[in-house]
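K.L.:
Below are the structure tokens for one structure; questions will follow.
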Amino acid sequence: MTIYTKLPLGARVAATPERVAEKVSGGAKSGTSLDTLALAGSNTKNRPNLLEKRARAKYLSRTLAASLARLESPLEKSYWNTWHCASVIEQEGGKLTSRYCSNRWCLVCSRIRTARAINAYHPVIESWESPHFVTLTLRTVTAGELSERIEVMLKAIAAIARSMRTTHRLSLRALRKLEVTSRPGGLYHPHFHLIVESREQAELLYDLWLAWHPELASREGQDVRPCNDRSLVELAKYLTKVVAKTEEGKRIIPVVELDTIFQALKGRKTLRPMGFKLSKEVEESIEGEKIEVEASDAVKRVEETVYWEWIQEMTDWVDRETGECLTGYQPGERFVAFVEGVEEGSGAIESKGESAITAEIQPVISAMSNG
Ligand SMILES: [Zn+2]
């Protein structure tokens, strides 16, 4: 495996004027991409375009993948696949193509899946009369109990849906998401978020969840509320929180805990429709093992064939022949410090710069749509 600790001098020097030019022009590129058109003339300073967002995701994702791979877990090989995800972007015939790892923890691939999920489910949920957001939890578990607990929860929600239909004559129609977060003291918190078609269904689901788990579910642990504009995005975004907050208020990436979570979720679909179906192809494109990614439009030198190669130190894909950068993405100082902290194994930054978190880290870990 090649690790670019040292850049050919030409690349670094040549890339600099290009970057300066892009900074001056506010990141706008020549070319015909939708992002460029949408952003032309507006203040683009704080609104990275699609390729810049992909670069930002790649920057953190590669470091995260390396940290996970070093744990020597059963997923090691898959973590290295993520390290290589979109390492080269091939430009030919005005199109950009790349090979993606399709792994769920990959921040580059998550963004693609999340955007697709939102596009696919939004029209369905919009057609529902009074969609409600439901959170269902049970008591936390240890790492050793996590996999079995997830199994129990998946069986319970299926059994409750059956009971609603047969005993209560009220079929459940919902979009169900399984999430797992880590808690201090080596504990894990698997839980469901659901967008349910109606209030009536949501309340019955809530009651039955409590009745099903008299020992493990508390009233305070569950929640039902009407959906708002953000509900679907909240539901579709990343399946666990990559960045956790310690008791001292530091932001860290709990790598060991994440590995435990990813192992427990292996082979399990986390986002599922209940009581309705998408077409097989659409569902596969969201939750399938392999995600097919369509080519996107070239943004510069559109007539040429170019191999843009990811160089971590440049936080960009670079044409080694000319030293030109593809996206012009420039991470903020605090984000760089954060990513380098992950690299060194601490994965921690002080919490003082809340704005740095919201501006750069949050969009990456939330794997938001629109890009
Ligand atoms: Zn990937």
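K.L.:
Sorted from largest down, give the three principal axis spans of the alpha carbons of region 116-211, whole angstrom values.
P.N.:
42, 35, 17
K.L.:
Quick one: which of 102-113, 145-156 comes out on top by average Cβ neighbours within 10 Å, and what's the full order, highest first?
P.N.:
Values: 102-113: 23.6, 145-156: 16.7.
With the highest mean Cβ count within 10 Å placed first, the list reads 102-113, 145-156.
K.L.:
Would you work out the charge dipole size for region 101-183 about its Cα centre, treating the Cβ of every Lys and Arg as +1 and the Cβ of every Asp and Glu as -1, and quote it to the nearest 20 debye? Mind dumping the intermediate values first?
P.N.:
Values: 14 positive and 6 negative charges, 21 e Å.
It comes to approximately 100 debye.
K.L.:
For region 143-186, what are the per-bin percents of Cα-Cα distances with bins 10 Å wide, up to the bin holding the maximum?
P.N.:
In whole percents, the pair-distance histogram is 22, 41, 24, 12, 1.
K.L.:
Okay, moving on. Order by neighbour count: Met164, Met314, fewest other Cβ atoms within 10 Å first, most last. Present the calculation step by step, with values, prior to reporting the outcome.
P.N.:
Details: Met164 18, Met314 21.
By the 10 Å Cβ count, ascending: Met164, Met314.
K.L.:
Right, next: Could you pull out the trypsin sites (Lys or Arg not before Pro) across region 174-267 that fall in loop regions by DSSP (anything but H, G, I, E, B) with no more than 12 other Cβ atoms inside 10 Å?
P.N.:
Working: sites: Arg176, Lys177, Arg199, Arg219, Arg230, Lys237, Lys241, Lys245, Lys250, Arg251, Lys266; in loops: Arg230, Lys237, Lys241, Lys250, Lys266.
Of the trypsin sites (Lys or Arg not before Pro), the ones in loops of region 174-267 whose Cβ has at most 12 other Cβ atoms within 10 Å are Arg230, Lys266.
K.L.:
Still on this structure: Note down the magnitude of the dipole of region 119-286 about its Cα centre, charges +1 on Lys and Arg C-beta and -1 on Asp and Glu C-beta and zero elsewhere, to the nearest 20 debye.
P.N.:
On the way: 25 positive and 22 negative charges, 47 e Å.
Dipole size: approximately 220 debye.
K.L.:
Kindly provide the GluC sites (Glu not before Pro) of region 170-265 that DSSP labels as loop, not H, G, I, E or B, and whose Cβ sees at most 10 other Cβ atoms within 10 Å.
P.N.:
Numbers: sites: Glu179, Glu197, Glu200, Glu203, Glu215, Glu220, Glu234, Glu247, Glu248, Glu257; in loops: Glu197, Glu215, Glu247, Glu248.
Qualifying residues, ordered by number: Glu215, Glu247, Glu248.
K.L.:
Which of Val141, Ile125, Val282 sits closest to the plus end of the dipole of region 119-286, meaning its Cα is farthest towards the positive end, when Lys and Arg get +1 and Asp and Glu get -1 on the C-beta?
P.N.:
Result: Val282, furthest along the dipole toward the positive end.
K.L.:
Counting other beta carbons within 10 Å of each residue's own, what order do Ser78, Ser279 fall into, fewest first? All intermediate terms of the calculation are to be shown ahead of the outcome.
P.N.:
Numbers: Ser78 21, Ser279 9.
In order of increasing Cβ crowding within 10 Å: Ser279, Ser78.
K.L.:
Decide, for region 81-127, between rounded, prolate and oblate: order the square roots of the alpha carbon gyration tensor eigenvalues as a ≥ b ≥ c, take rounded if a/c falls under 1.5, and otherwise choose prolate if a/b is larger than b/c, else oblate. Before the final figure, lay out the partial values.
P.N.:
Values: a/c = 5.28, a/b = 1.67, b/c = 3.16.
Judged from the Cα gyration tensor, region 81-127 comes out oblate (a/c at least 1.5, b/c at or above a/b).
K.L.:
Can you pull a Stokes-Einstein diffusion coefficient for region 119-286 at 10 °C (1.306 mPa s), Rh from Kirkwood over Cα pairs, as a whole number of µm²/s?
P.N.:
On the way: Rh = 16.8 Å.
Rounded to a whole number, D works out at 95 µm²/s.
We did not get these values from a lab; they are worked out from the coordinates using the rules stated. Values in this document were obtained by computation on a predicted structure and should not be read as measured data. Cβ: placed from backbone, ideal geometry, glycine included. Neighbour counts: every protein chain shown.
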